[in-house]
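Down below is the structure, laid out as structure tokens.
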Amino acid sequence: MFCRSLQQSASPNFTGFRRVLGNRGAIEEGCLIVRRAIVSNQQDRILRLFIEEAKEHLDTLENGLVDLKSTMKDPESVQEMFRAAHSVKGGAAMLSLDSIKTTAHRLEDCFKVLKDGPVKQVDQTAESLFLKGVDTLKDLLARLEGPFGLRNEEGEKLVQQVMPVFAQLETHLNNLAQGKAAAPAATVGSAKAGSAPPANFVAQVMVLLKEMLELFKQKESAASRQQLGLVCDKLGKLGSGIATWQTLIKTAKAATADPKNSFKALAPLIIKEVKEAGDLVQGGKVKAIAPSKNLQLLAAAAKAKAATTAAAPKETAAATKPVALPSEPKAVVKLLLKTFNKKQLSEIAKLLIHAIKSSS
């Protein structure tokens, strides 16, 4: 309709407009440019819509995997996770995003085993493998949303890296279905001599993470952040003798305390890292526990603010404390050297010289 209007306006009654646009070929070329611009704009809108919906589906997957053992008790929750992976696969296929489609399809296949198969109980290995698959999907979406988009070669590389994980997951799920793989015994004797956490360490961590997840769903407030801090304290007590665990939990607590950090940003990061750390404790690999760079960045601002607040009263007290100067010049010099650092002494010297010149 828009292009037909342009052609009609090029009649003899609109000779001035014809001179601007030129002949009919130029008009058609202009219409083609307009069509391309409209199509490009529509594609951008569709892509943005896909990314937003895919993020919601990722939240569904991560929330279900936080405690997959409990999720398995609710068939509707398992069905919801299957549908989430299926939706991402379908949207990616429509947009020809092959790497995202392939990853979501493999996740869908694995959730189908849980949905339709005879698997009644899962273990920590299955949860960890599922999370690795979801992490790859999240990485692909993050790159797609980035300033440079998702390049085919980097997407293919990530897919090739995660394929062995899916193969291992499928094999493990089939073994669980046939009763060949039992949930590992909760042994943490190798965690740290003389300070081993309780035998049901992972189970207790999961209980507290579920409590934390419920708090993250609440409206952000000082009270909810305080409650999150208390949950972090409980988590810290679980691994009271493990230094790396303590570092992680303290970092998480600092991040939750900063009102600038939204719950939406904190929830997936903290829950995932604490859960993985719990698995490492369970496997006696406590040295591998460390807060990620992203979590450290979220906690850094809160720590810096606390340090500034703590230092401020001392600086104020030092600044207002009266200093009695002796009458002997040499004694004054000794007192100045004892009281101030080199930088401060340099400033004092400049001020004295300026004062002497002004008074002369």
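I'd like to check something: does region 90-103 contain any residue that is within 19 Å of residue 172 (Cα to Cα) and at pLDDT 85 or above?
yes
Can we say residue 87 is within 27 Å of residue 279 (Cα to Cα), hydroxyl-bearing (Ser, Thr, Tyr) and open to solvent by 10 Å² or more (accessible area, probe 1.4 Å)?
No; evaluated as a whole, the condition is false for this residue.
Could you say whether any residue in region 59-73 is at pLDDT below 90, open to solvent by less than 30 Å² (accessible area, probe 1.4 Å) and more than 30 Å from residue 211 (Cβ to Cβ)?
No - not one qualifying residue is present in region 59-73.
Among what's in region 196-237 and is among the β-branched types (Val, Ile, Thr) and without any contact (Cβ under 8 Å) to a residue 40 or more places away in the chain, pick the residue that is surrounded by the most Cβ atoms within 10 Å (Cβ to Cβ).
231
When you check residue 150 against the structure, is it modelled with pLDDT under 90, touching a Cys at 6+ places or on another chain (Cβ under 7 Å) and open to solvent by less than 60 Å² (accessible area, probe 1.4 Å), yes or no?
no
How many residues are more than 15 Å from residue 268 (Cα to Cα) and polar (S, T, N, Q) when one looks only at region 125-145?
1
Quick check on residue 119: is it outside any helix (DSSP H, G or I) and either at positive phi or at pLDDT below 90 (or both)?
yes
Conditions first: (1) closer than 17 Å to residue 206 by Cβ; (2) surrounded by fewer than 21 Cβ atoms within 10 Å (Cβ to Cβ). Residue 300 passes all but one, so which condition is the exception?
(1)
Out of all the residues in region 321-336, which are touching a helix residue (DSSP H, G or I) at 6+ places or on another chain (Cβ under 7 Å) and either open to solvent by 90 Å² or more (accessible area, probe 1.4 Å) or at pLDDT 75 or above (or both)?
325, 336
The values are calculated or read from the model by the stated rules, or taken from the named source; none is laboratory data. Just so it is clear, the model here is predicted, and its values are computed rather than measured. As a convention, Cβ positions derive from the backbone with ideal geometry for all residues, glycine included, and neighbour counts pool all protein chains shown. Please note that ligands, DNA and RNA were not included when accessible areas were found on the heavy atoms of the full protein model with its side chains. Shrake-Rupley method; radii C 1.70, N 1.55, O 1.52, S 1.80 Å.
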